[in-house]
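For reference, the structure discussed in these notes is given below.
The values are calculated or read from the model by the stated rules, or taken from the named source; none is laboratory data. Predicted model only: the values in this text are computed from it and were never measured. Cβ: placed from backbone, ideal geometry, glycine included. Neighbour counts: every protein chain shown. Side chains are part of the model used for accessible areas, which takes the heavy atoms of the whole protein and leaves out ligands, DNA and RNA. Shrake-Rupley method; radii C 1.70, N 1.55, O 1.52, S 1.80 Å.
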Amino acid sequence: MAAIIDGKKISAEIRAEIKEETEALKAQGITAGLAVIIVGNDPASEVYVRNKGRACGEVGIYSEIIALPENTSEAELLEKIDALNARREINGILVQLPLPKHINEKAVTARILPEKDVDAFHYENVGRITLGKPRFLPCTPAGVMELLHRSGVEIAGKECVVVGRSNIVGKPMAQLLLGENGTVTICHSKTADVASHTRRSDILVSSVGKAGFITGDMIKKGAVVIDVGINRTPDGKLCGDVDFASVEPLASMITPVPGGVGPMTITMLLKNTLTAAKLQNNTNV
Ligand code: GUN
């Protein structure tokens with residue numbers, strides 16, 4: 001029987017800490033501010049963006065949601081970013097991904113001032129993470145690290161296997177685990193035998209986006225299993241990458257979906273926005 005890592009509870013604890021800090025900043029006359037840009041009408045993205053705005057309100061962060069039509073040109077989007085870069089009261093800028101196909105995602109993330117890049121997707125911030133000098137940590141991997149830390153999981157010297165190599169989750173996840181002295185393996189769609197790697201992992205992080213991809217026969221007894229997947233079953237139910245029924249009896253700790261990693265992503269965005277406000281105002285309160 002695995003202990004359940006309760007992302008909702010841990011997230012609520014961190015949000016309470018963030019709220020205290022935003023209030024302390026306000027006492028100095030500084031209100032942290034976040035701008036979120038969404039282009040088009042992807043229903044999942046619309047939900048995520050709405051949740052980000054609501055979460056800001058709950059901890060006292062000012063937020064603006066800028067909804068642009070699907071046919072917005074790349075030049076128009078870059079102009080919007082330039083305008084937000086120039087505004088003092090906006091400390092963080094996030095462009096919700098994915099973008100429509102006619103817009104170059106890399107050009108867009110590179111246009112955000114690195115000190116306002118609360119997603120940590122800009123080349124400079126990615127480079128800083130690689131060099132071990134981060135300004136911001138990417139939200140989902142940072143959320144996973146918080147779950148591990150606050151659950152008392154030791155990382156140094158452990159076999160860590162990350163399944164998935166996306167720029168948003170897999171690659172930075174591996175960097176953060178390596179930064180804490182884990183021995184890290186990244187598996188991906190061309191890995192010959194994924195199970196041969198996962199079977200020796202003490203800490204397994206799955207971010208492949210396939211329901212039921214990780215099954216009990218792929219787990220080392222006592223492993224800590226972190227499920228980053230957000231998938232839908234054919235009948236529309238939310239589920240992760242991990243087949244909970246067969247994995248849970250073998251794991252020592254496991255995150256559920258929903259209620260595991262999910263709530264942490266927005267929490268870390270709030271934290272990054274607060275960090276951005278402090279850095280831009282030269283304050284440490
Ligand atoms: N789409 C899915 N995850 C993310 C994220 O972390 N940041 C942004 N900007 N878009 C996303």
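Of all residues in the stretch 76-87, those satisfying the criterion of being in contact (Cβ under 8 Å) with a residue 40 or more places away in the chain and in contact with a helix residue (DSSP H, G or I) (Cβ under 8 Å, 6 or more places away or on another chain) are Leu77, Ile81, Leu84.
Being touching a Gly at 6+ places or on another chain (Cβ under 6 Å) and surrounded by 18 or more Cβ atoms within 10 Å (Cβ to Cβ) holds for only one residue in Leu34, Leu94, and it is Leu34.
From the list Ala83, Ala120, Ala110, the lone residue that is within 16 Å of the ligand (Cβ to nearest atom), assigned to a helix (DSSP H, G or I) and modelled with pLDDT of 95 or more is Ala110. Scanning the stretch 123-144 for residues that are over 29 Å from Ser73 (Cβ atoms) and charged (D, E, K, R), we see that the one that is farthest from the ligand (Cβ to nearest atom) is Lys133.
Looking at this structure, is Val144 β-branched (Val, Ile, Thr), touching a residue at least 12 places away in the same chain (Cβ under 8 Å) and part of a helix (DSSP H, G or I)? Before you say what the answer is, go through the steps one by one.
Numbers: β-branched (Val, Ile, Thr): yes; touching a residue at least 12 places away in the same chain (Cβ under 8 Å): yes; part of a helix (DSSP H, G or I): yes.
Taking the combined requirement at face value, the residue satisfies it.
Flag set for Ala142, criterion: touching a helix residue (DSSP H, G or I) at 6+ places or on another chain (Cβ under 8 Å) and closer than 18 Å to Thr273 by Cα.
To keep it simple, each residue is scored yes or no on (1) open to solvent by 70 Å² or more (accessible area, probe 1.4 Å); (2) modelled with pLDDT of 95 or more; (3) in contact with an Asp or Glu (Cβ under 7 Å, 6 or more places away or on another chain); (4) part of a loop (DSSP other than H, G, I, E, B).
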position: Leu178; (1), (2), (3), (4): yes, yes, no, no
position: Leu204; (1), (2), (3), (4): no, yes, no, no
position: Gly212; (1), (2), (3), (4): no, yes, yes, yes
position: Gly229; (1), (2), (3), (4): no, yes, yes, yes
position: Pro249; (1), (2), (3), (4): no, yes, no, yes
position: Pro263; (1), (2), (3), (4): no, yes, no, no
position: Asn284; (1), (2), (3), (4): yes, no, no, yes
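Before we move on, is Thr130 surrounded by fewer than 16 Cβ atoms within 10 Å (Cβ to Cβ) and touching a residue at least 40 places away in the same chain (Cβ under 8 Å)? So that I can check it myself, show each step before the final result.
Working: surrounded by fewer than 16 Cβ atoms within 10 Å (Cβ to Cβ): yes; touching a residue at least 40 places away in the same chain (Cβ under 8 Å): yes.
Here the answer is yes, as Thr130 does meet what is asked.
Summed over the stretch 147-167, residues that are farther than 25 Å from Glu13 by Cβ and either touching a Cys at 6+ places or on another chain (Cβ under 6 Å) or assigned to a loop (DSSP other than H, G, I, E, B) (or both) total 6.
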